[in-house]
Amino acid sequence: MAYTYTNLQNTIITDGQGTFIPADANNRDYQRLIENNTPIGPYVAPPTPIPTITATQMLIVLQAMGFLTKAEAKDRTIFPAAFSALLSGSEAENGALEIRWANLTYVERNDPLVTAFASLLSLTSEQIDGMFIQAAAI
């Protein structure tokens, strides 16, 4: 069983299965861990949550990064040239994609459209996360 600290102050330990042990010399469970030289891993902060962003925030960041022209960012009836390779499906599929693009209000990190754009532009997951965090700050 792996034990880790649950906070930066190293005052609470967990076994990862719902058991929490105060790092207190008077606590029997803590004493047992120390006596057995049980390794206790360091605290690892949870990942930064990736926010949902508005379409406007997304457009500003995509335009600033050079993926959209100013005209494409201002008029979402223009499907971005950088994403045109996504329009390789049937007429109905392409139409649905164009309609979806033109009517976006909010964008979630796990949106299939984001995944498709990231793949097309060869962006890593970390780069996409960074774009969302940057956009949320706008």
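Dipole of the stretch 38-138 (Lys/Arg Cβ +1, Asp/Glu Cβ -1, origin at the Cα centre): which of T115, L86, T54 lies farthest to the positive side?
T54
Taking Cα centroids, how far is the stretch 69-106 from the stretch 1-28 in Å?
Between the Cα centres of the stretch 69-106 and the stretch 1-28 lies a distance of 51 Å.
What ³J(HN,Hα) values, in whole Hz, does the Karplus curve 6.51 cos²θ - 1.76 cosθ + 1.60 give for the stretch 118-124 when θ = phi - 60°, with x put for Gly and Pro?
Once rounded to whole Hz, the list reads 4, 5, 4, 8, 6, 8, 7.
How far is helix 125-136 tilted, in degrees, relative to the longest principal axis of the Cα atoms in the chain, given as a value from 0 to 90 rounded to the nearest 10?
80
With an 8 Å Cα cut-off and a minimum separation of 6 or more residues, compute the relative contact order for the chain in percent.
Reported as a whole number, the value is 22 percent.
Not counting ligands, DNA or RNA, and with a 1.4 Å probe, what is I138's accessible surface area in Å² rounded to the nearest 10?
Ignoring ligands and nucleic acids, I138 comes out at about 100 Å².
Before I look further, what does the chain give for accessible area per residue, probe 1.4 Å, in whole square angstrom?
Values: 8790 Å² over 138 residues.
Averaged over the residues of the chain, the accessible area is 64 Å².
Which order do T124, T54 take when ranked by solvent-accessible area (1.4 Å probe, heavy atoms of all protein chains), largest first?
Values: T124 65, T54 45 Å².
Putting T124, T54 in descending order of accessible area: T124, T54.
So what's the back-of-envelope 222 nm ellipticity for the chain, counting only DSSP H runs of four-plus at -39500 (n - 2.57) apiece and dividing by all residues, rounded to 500?
Values: 6 runs with 56 residues, N = 138.
Here the helix-only value at 222 nm equals -11500 deg cm²/dmol.
The values are calculated or read from the model by the stated rules, or taken from the named source; none is laboratory data. Quick caveat: nothing in here was measured; it's all calculated off a predicted structure. As a convention, Cβ positions derive from the backbone with ideal geometry for all residues, glycine included, and neighbour counts pool all protein chains shown. Quick note on the areas: whole protein, heavy atoms, side chains included, nothing else; ligands and nucleic acids left out. Shrake-Rupley method; radii C 1.70, N 1.55, O 1.52, S 1.80 Å.
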